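Note sheet for the following structure.
Every read-out reported here was derived from the displayed coordinates using simple, explicitly stated rules and does not represent laboratory data. Being a predicted model, the structure only gives us computed values, none of them experimental. Heads up, the Cβs are rebuilt from the backbone with ideal geometry, glycines too, and the neighbour counts pull from every protein chain shown.
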Amino acid sequence: MKSLFRIGQVALAECAGAVHSRRALVILVLYLLSSVFCMVGTISILGKMESELANVLQLPESQRTGVVSVTLWKSKPFQRMVKASLKNNLVYDDIVGRHPAELVYAWFAFLCAPLLAVLVAGNRVADDLRSGAVRYALVRVTRLEWTLGKYAGQVLMVALALAASAIGAWLVAMFRLSGVGMFDLLPAMFGWGFRAGLYALAWLGLALGVSHLTRSGSRATALGLMAIAACAIWPFGLRCWAEYAEWPWLLHFDVLVPSSAELALWRRSFVPLFTGGVHLFTLGMCYLMLGHAVFNRRDA
Amino acid sequence: MIAVALATRNLVKRYGSRVALDNCTLVVPRGAMMGLVGPNGAGKTTWMMAVAGFLRVSSGTIDLLGRGPFDATVHSGRFAILPQDSALPLEAHPGDLLYRYARMQGLSPEAARRSTTEMLAAVNLADRAKSSIRSLSHGMRMRVRLAQCFLGSPEVVLLDEPLNGLDPVEADRIRQFLRRRRGRQTIIVSSHNLNDIETLCTHVAFVEKGRVTHTSTLEAITHATHRVTYTLAAEPMDRAALAATVPGATFVWTEATHALVCTLDNSNDDVGTVNRKLLPALLAQTDVLAISSGQTLEEAYLQSERRN
């Protein structure tokens, strides 16, 4: 219990530090703006497509965007097209009934979660190691408690960013799309934010784990970005290698990168969401503990 | 209660082929205020970092408060350090930061708030509790770093160059603050300012090339109890008369400083008694301009260096 308490105190100190730090705030605001612009941009494109469609079909143009898209989304041929491109019937079944605006936000949140994690957390450990600030904490908490506290603090920061972006996306959808009631999409947006948060757990572990390896904040961020790239390449590399060497068992190593659990988070039911969350949290902890193991063996 | 607050035995720390600590053995009694004195690179900072668990030592043992080497689960709140060249998080506010540190070491919210307020007042920064560390001057940051050491009154405190960068008024305030803690906490101070060590410490250890070459009480090191120096207007010619007043004492005259050093190695008298006996005999021959007991720490240190 004492350990949990101390981890909590490190996490709160981490949050306070991040809030006071302009860098973290700027990243949070940028993320919120990105989410808003993504929604605005997508809705504008939808609007243009809808006007074009109305023109071609010589139908009266709708005053607000979304009417045609929602109709199109509900049409069987379009659903068949989506199903073919998704190549995952379970995910298709779960997302087919959802509003397109939700899916746009979900796509954005999942796409940007790794970047958000690395930009918010990538330098936090390395900077403390370089400046020596870590020493003031290490006479009060163990190295493991400090690492876990840092992680917990960053989880809170990312949760804050995702919550803010979900609200931003909801506001844009509410004002720019037709047929959307005031609070219709809010729970769904928060739901996707929560799922993206689960996805970010692994990326945060990766970003902080990498941050334990160096004493330079900018190098840690660069290493984090390289790690994202490596994780993106990993499944393709595995597939190529497995085909080339005729070792199909190699494909099982796909589970070592967060993207392997991403689709589970798009599911509606609890079980895949839970197992996906556990998978991602475990991955995050593994990355974090690898970094911690290096830190634990060296001088602070 | 254990009599020894901190003991390191045969501590070795190597950086490749360079030996930073070479069988460093030092025992610090509980309640002592010990000064570590030595040249740059002698190993004082390395020793402190090793005791705090920041450095992985190559060999040797550390016993902190009778509970083995530093372990945050055991020693959190009982041990603190002012590490050299370790910056506080620049974006933090002193009040928040100290409160958070106090909470980390297990103080209740109320005790943490009280301790934070006390410490900020002690280092004269109560009015800057809500400023960011970034906006504080070098000296102010040093005072915040000092304040974090005394949150919750830990039993053992290591201070590496605690008065570095402080202006004379603030340095004096911190000296007084440390003097008030003498006997209540075990404090180990590393400083190149021997005058500070002399005015603050009860014990002194000389550190040289990664090992402790000499350690004792300040009185013993400066011979404060068996050496008196008289600065005189002229050399006293009748040494026999002086020797007769304090049997067993030896007298050495230094012309350059006009100092007569009386050493009491074979005398049972204390400094006060010697003064009472010797002064009339001295005044009969010349004027006495000043009296001091023992050597200065600087003299004792330089003498020890020359011997080594």
ask   = Rg and Dmax of region B:54-211, using alpha carbons, in Å: what are they?
value = 15.8, 46
inquiry  = With 10 angstrom as the radius, rank A:CYS231, B:CYS262, A:CYS240 by how many other C-beta atoms surround their C-beta, starting from the fewest.
reply    = A:CYS240, A:CYS231, B:CYS262
note = Listing B:ILE187, A:ILE167, A:ILE43 by rising number of other beta-carbon atoms within 10 angstrom, fewest first, gives A:ILE167, A:ILE43, B:ILE187
ask   = For the protein assembly as shown, with only Lys/Arg (+1) and Asp/Glu (-1) charged at the beta-carbon, what is the dipole magnitude about the Cα centre, in debye rounded to 20?
value = 1420 debye
query = Rounded, prolate or oblate: which fits region B:52-111, taking a ≥ b ≥ c as square roots of the Cα gyration tensor eigenvalues, rounded meaning a/c under 1.5, else prolate when a/b beats b/c?
reply = oblate
remark   = Rounded to the nearest 500, the 222 nm mean residue ellipticity computed for chain B from DSSP H runs (n ≥ 4, each -39500 (n - 2.57)) alone is -10000 deg cm²/dmol
Greater than 31 Å apart at Cα, pairs in A:LYS83/A:LYS150; A:LYS150/B:LYS130; A:LYS2/B:LYS44 = A:LYS83/A:LYS150; A:LYS2/B:LYS44
ask   = Which shape class applies to region A:155-300: rounded if a/c is under 1.5, otherwise prolate when a/b exceeds b/c and oblate if not, where a ≥ b ≥ c are the square roots of the Cα gyration tensor eigenvalues?
value = oblate
remark   = Quick note, the protein assembly as shown: a/c under 1.5 would make it rounded; otherwise a/b > b/c is prolate and the rest oblate (a ≥ b ≥ c, C-alpha gyration tensor); here it is prolate
ask   = Taking only the alpha-carbon positions of region A:91-244 and ignoring solvent, what does the Debye formula give for the base-10 log of I(q)/I(0) at q = 0.17 Å⁻¹?
value = -0.97
Column: log10 I(q)/I(0), Debye, Cα scatterers of chain B, q = 0.09, 0.10, 0.12 Å⁻¹ = -0.56, -0.66, -0.86
Magnitude of the charge dipole, chain A, Cβ model with Lys/Arg +1 and Asp/Glu -1, debye to 20 = 680 debye
Mean residue ellipticity (222 nm) of chain A, computed from DSSP H runs ≥ 4 via -39,500 (n - 2.57), nearest 500 = -26500 deg cm²/dmol
task = Order by neighbour count: A:TYR92, B:TYR99, A:TYR199, fewest other Cβ atoms within 10 Å first, most last.
result = A:TYR92, B:TYR99, A:TYR199
key: Cα centroid of region B:222-289 to Cα centroid of region B:1-63, whole Å   = 40 Å
Peptide-level mean, for A:141-151, of C-beta atoms on other protein chains within 10 Å = 2
